[in-house]
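First comes the structure, then the notes that go with it.
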Amino acid sequence: MTDWFIGIDPGNKGALVALGPDDELVVCPGDRPAGIGWRSMTDRYSALLEVLQAGGGGNNIGLVVLEQQQARARQQGQAKINREQGMWEGWLMAHGLPYRLCVPRGANGWRKPLGRSSFKRGEDPKVWTAETVERMLPNLDARFDGKLRTYHDGVTDAAGMAIAARIIHLQGG
């Protein structure tokens, strides 16, 4: 039975959240406020391995939602963005995990299964995501025991993607 769903928000200040049975959570990086960001690519891969171990070695992973990186033209760091996207996809494929690349917004975005696919001008999708995830997963600590003044965007986005992965999987998608 597939009981675990993973959301991955790549990027320097991203995170990985696994949602298990009874809304059990594994948040990576979880040993410090993630406002600092990932330390290295090794940290990212170690986080994936930690989640796979929690999810029965990868045998109980229903779906992984990986946020698709969107590098804009002439954006500094395009090569790094593309490299990280490729590394996450390579790791997921190497472990034989079912995954879906999703943008945050739109008809095919990962926020749609949570209830919103578009936002009006002036609305903050990050705040909406944080509030929605907090309501759906009250045991998630996206402020790291008060070490952060506001929610960590990477953690709340990754948790939202994990919830979306579970909904997509249950709907047969």
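Read-outs: derived from the displayed coordinates by stated rules, not from any lab. Here the structure is a predicted model, which is why all the values come from computation and not from measurement. As a convention, Cβ positions derive from the backbone with ideal geometry for all residues, glycine included, and neighbour counts pool all protein chains shown.
If the chain linking Arg149 and Asp3 were pulled fully straight, counting 0.36 nm for each residue of separation and taking away their Cα-Cα distance, it would gain 49.3 nm. At an R0 of 35 angstrom, the distance between the Cβ atoms of Met87 and Glu131 translates into a FRET efficiency of 0.65.
Annotation: the antiparallel percentage among DSSP beta bridges lying fully within the chain is about 50. Pairs of Cα atoms under 8 Å, at least six residues apart: use those to get the relative contact order of the chain, whole percent. Reported as a whole number, the value is 33 percent. In plain terms, the bigger the Kirkwood radius, the slower the diffusion; for the chain, with that radius from Cα pairs, at 25 °C and 0.890 mPa s, Stokes-Einstein puts D at 153 µm²/s.
Working from label points 7 Å from Cα in the Cα-to-Cβ sense, the Thr42 to Leu101 distance is 2.8 nm.
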